[in-house]
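Shown next, in structure tokens, is the structure this report addresses.
The values are calculated or read from the model by the stated rules, or taken from the named source; none is laboratory data. Everything quoted here is computed from the prediction, not taken from an experiment. All Cβ positions, even for glycine, are placed from backbone atoms using ideal geometry, and neighbour counts span all protein chains on display. Surface areas here come from the heavy atoms of the whole protein model, side chains and all, with no ligands, DNA or RNA. Shrake-Rupley method; radii C 1.70, N 1.55, O 1.52, S 1.80 Å.
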Amino acid sequence: MSQHLIHGGLPADMTPYRLKQLLLQARVALGLSSGALKYLEFAIDNCQPSDFQQGRICAIWYSLERLTAAFRLSKRQIGRIEAELVDAGLIKRTYPERKSRSGDRVDGVIKRAAGINLAPLIERAEYIRLLVSRQMQADEDRERLREHIQGLFRQIRDLDNADADEAATCILPRRRPNELSDIKKMQEVAEALEAVLADFSAVGGQPEMTVESDENVRLNMNEEKKNKTRIAEKPREGSRLSTSPAHARLLAGAKLGEYIDLYACGAPPDWQAVTRAAHDRAYELGVSSRLWRERCIQLGEARTALCLIVADRNSQRDGPFGRKNAAASFAGMARQEARKIAVLDGLVGELTHALLRSGGNL
């Protein structure tokens, strides 16, 4: 027994040819295989334009033998394609099981069709067009974001600051926004680069006294101030560091905590275990070896490890202290510490209180 399945017609401004184009553009969004797409194109081509009008039956009833010859596929493969399209809600089988396919067309109008009915596809034509529109908009958004990210890299490079370049590279190591396709990830990269640009632009506008500058040395005639400047540039392993290795272990996230325990060999952790574990975790997060060495020389290994511990843990948090990119957060935090902008002690204190309030779970 055959079924008469009519449809509401294609949108007034859409032709069967345009429907085929939309299917091609929306194939990925619809989750269709290339074989399923070719099958739909074949079915549309083998219907008449009038079949797509409101109140008509739009169907084909070619035998499996005819279809296997047309597609150069086996009957089993044709069956799988048709099953895929049924599951996708784009066609309907209207012939009795184990019966041959058949149909009648009278004066160009299908009166009976026991075969493959395209009514579900026609009814979803507007939805398919919406999918394509969304995809086009998303493609435009991706392209704008790529251009924006590329522009941010140029602006950061124009700062002529090695630390800024290092922080930017931590965010996107290959500096190739064309390799990104996920919009959410691209937005995160753009936000992180904007933060780096704002941070270093602000720092670049402030004068700095550095011991390496011949001009600053000549201008600084006060011997006591010169000595203080030189002393401040030395590694500050013990200057403000009151955090114990055990405390550092409590602050560490799950992965870094495992590394610390591994290096501690079952004993209470010491700073050597903490710093070695932090170095391994830094490599995983994308922090370059050069940046790590420089910060260990400037800040001391323990304080550099603490910066990494806080950055890593905060990347796993939400809220005002949450950070999306642990490597970029570490680069910024360590940079401020190197510039004697004390941020680490406050962040360690905040993180400690947050862990106490939450019972150790953030």
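Within the range 303-329, restricting attention to residues that are among the basic types (K, R) and open to solvent by 10 Å² or more (accessible area, probe 1.4 Å), the residue that is nearest to P173 (Cα to Cα) is K324. From the list G300, G332, the lone residue that is on the phi > 0 side of the Ramachandran plot and crowded, with 19+ Cβ neighbours inside 10 Å is G300. Within the range 163-186, residues that are under 13 Å from S288 (Cβ atoms) reach partners that are of a type in the set (K, R) and at pLDDT 85 or above with beta carbons closer than 9 Å, at six or more positions or on different chains, in the pairs D163/R335; D165/R157; E166/R290; E166/R335; A167/R335; A168/R157; A168/R175; T169/R175.
Screening R80 against (1) over 30 Å from A138 (Cα atoms); (2) surrounded by fewer than 17 Cβ atoms within 10 Å (Cβ to Cβ); (3) modelled with pLDDT under 95 leaves a single unmet condition, (3). In this structure, is L40 out of contact with any Cys (no Cβ under 9 Å at 6 or more places or on another chain), under 30 Å from A138 (Cα atoms) and open to solvent by less than 10 Å² (accessible area, probe 1.4 Å)? Judged against the criteria, L40 is a match.
Of all the numbered requirements in (1) at pLDDT 95 or above; (2) farther than 22 Å from M136 by Cα; (3) of a type in the set (A, V, I, L, M), L64 misses one, and that requirement is (1). Looking only at the range 343-355, which residues are surrounded by fewer than 16 Cβ atoms within 10 Å (Cβ to Cβ) and touching a Lys or Arg at 6+ places or on another chain (Cβ under 7 Å)? The one that is surrounded by fewer than 16 Cβ atoms within 10 Å (Cβ to Cβ) and touching a Lys or Arg at 6+ places or on another chain (Cβ under 7 Å): D345. May I ask you to verify whether I122 is open to solvent by less than 30 Å² (accessible area, probe 1.4 Å) and farther than 22 Å from F52 by Cβ? In short, no.
Looking at the range 114-164 only, could you name the residues that are of a type in the set (K, R), more than 19 Å from the chain's Cα centre (by Cα) and more than 25 Å from E41 (Cα to Cα)? Correct list: R154, R157.
Of all the criteria given as (1) touching a helix residue (DSSP H, G or I) at 6+ places or on another chain (Cβ under 8 Å); (2) open to solvent by 60 Å² or more (accessible area, probe 1.4 Å), the one not satisfied by K99 is (1).
Modelled with pLDDT under 90 and not polar (S, T, N, Q): is that true of A114 in this structure? No; evaluated as a whole, the condition is false for this residue. Inspect all residues belonging to the range 326-348 and state whether any of them is touching a Phe, Trp or Tyr at 6+ places or on another chain (Cβ under 7 Å) and among the charged types (D, E, K, R). Within the range 326-348, none of the residues are touching a Phe, Trp or Tyr at 6+ places or on another chain (Cβ under 7 Å) and among the charged types (D, E, K, R). Only one of the numbered conditions (1) of a type outside the set (S, T, Y); (2) outside any loop (DSSP other than H, G, I, E, B); (3) closer than 28 Å to D107 by Cβ; (4) open to solvent by 30 Å² or more (accessible area, probe 1.4 Å) is not met by L19, and that is (4).
The set of residues in the range 48-76 that are open to solvent by less than 70 Å² (accessible area, probe 1.4 Å) and over 28 Å from M14 (Cβ atoms) comprises S63, L64, T68, L73, S74.
Restricting attention to the range 39-46, does a residue exist that is within 24 Å of V109 (Cα to Cα), touching an Asp or Glu at 6+ places or on another chain (Cβ under 9 Å) and not in a helix (DSSP H, G or I)? Within the range 39-46 (the criterion being within 24 Å of V109 (Cα to Cα), touching an Asp or Glu at 6+ places or on another chain (Cβ under 9 Å) and not in a helix (DSSP H, G or I)), the answer is no, since none of the residues qualifies. In the set L32, L90, only one residue is open to solvent by less than 40 Å² (accessible area, probe 1.4 Å), closer than 16 Å to G8 by Cα and not in a helix (DSSP H, G or I); that residue is L90.
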